[in-house]
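Everything on this sheet refers to the single structure shown next.
The values are calculated or read from the model by the stated rules, or taken from the named source; none is laboratory data. Keep in mind the model is a prediction, meaning the values are calculated, not measured. Neighbour counts run over all protein chains shown; Cβ positions are idealised from the backbone, glycine included.
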Amino acid sequence: MRPAQASPRRDIHAIAVAPRLRVHPAATATDGRRPSRSRAVLNTVRCLGHALAAVALLALVPAQAGELEPAGELPPPPPALQQALAAVRGQAVIVNFWASWCEPCRDEMPALVEFDEAEPGLALVTVAVADRAADTRRFLHDYLMEELVVVADPDQAIARSWRARMLPTSYVLDAGHRPRYRMVGEADWREPGLQARVRALIPKQ
């Protein structure tokens, strides 16, 4: 994996407000006849509207490379995340907010998984934000990560609750699952200093 560098982040909450054009019911044929020219035009405009919304959504925001910072106070994990954390009770945890359509997320994931697999007292729980289930599965299959713990967050409820406004965002929890660090942006999870700070939270065997 290339060293961490300035990586673009995406404002994922733009998904919730992406504009959509709707076809007025009066313009839609319901009697099985061939669509009228006006309907064809409206459908074309509608498609263009979705395309423009997608372009706006994928606009990249310049950002600094990810660095650990204090996590601050967070609300209790939403139920789906809480269930995943309960399965790794007693372990330090990295909670990684990502999406298959997020290039920096894809770039950092192999090293993140590698770090998790090398540390018995560390668990990795990922949250797939505003992602289609089929796209998530395809990514995991293509990268041979089908054992990865993934919590689906299609409506961004978990991301909003834990203030993950940009992707990727990671939280590091101690063995009591108290948030200790946050990292916004792509990280180099092979960097020795970063690994050392995370290892300090892993319970001694």
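Computed values, structure above
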read-out: Residues located in segment 150-162, provided they are crowded, with 17+ Cβ neighbours inside 10 Å and either of a type in the set (A, V, I, L, M) or modelled with pLDDT under 95 (or both); value: Val150, Val151, Ile158, Ala159
read-out: Set Leu74, Leu122: member being in contact with a strand residue (DSSP E or B) (Cβ under 7 Å, 6 or more places away or on another chain) and surrounded by fewer than 21 Cβ atoms within 10 Å (Cβ to Cβ); value: Leu74
read-out: Residue list for segment 139-175, filter: small (Gly, Ala, Ser) and under 13 Å from the mean Cα position of the chain (by Cα); value: Ala152, Ala157, Ala159, Ala164, Ser170
read-out: Any hit, segment 107-115, residues being under 16 Å from Met166 (Cβ atoms), aromatic (Phe, Trp, Tyr) and surrounded by 19 or more Cβ atoms within 10 Å (Cβ to Cβ); value: no
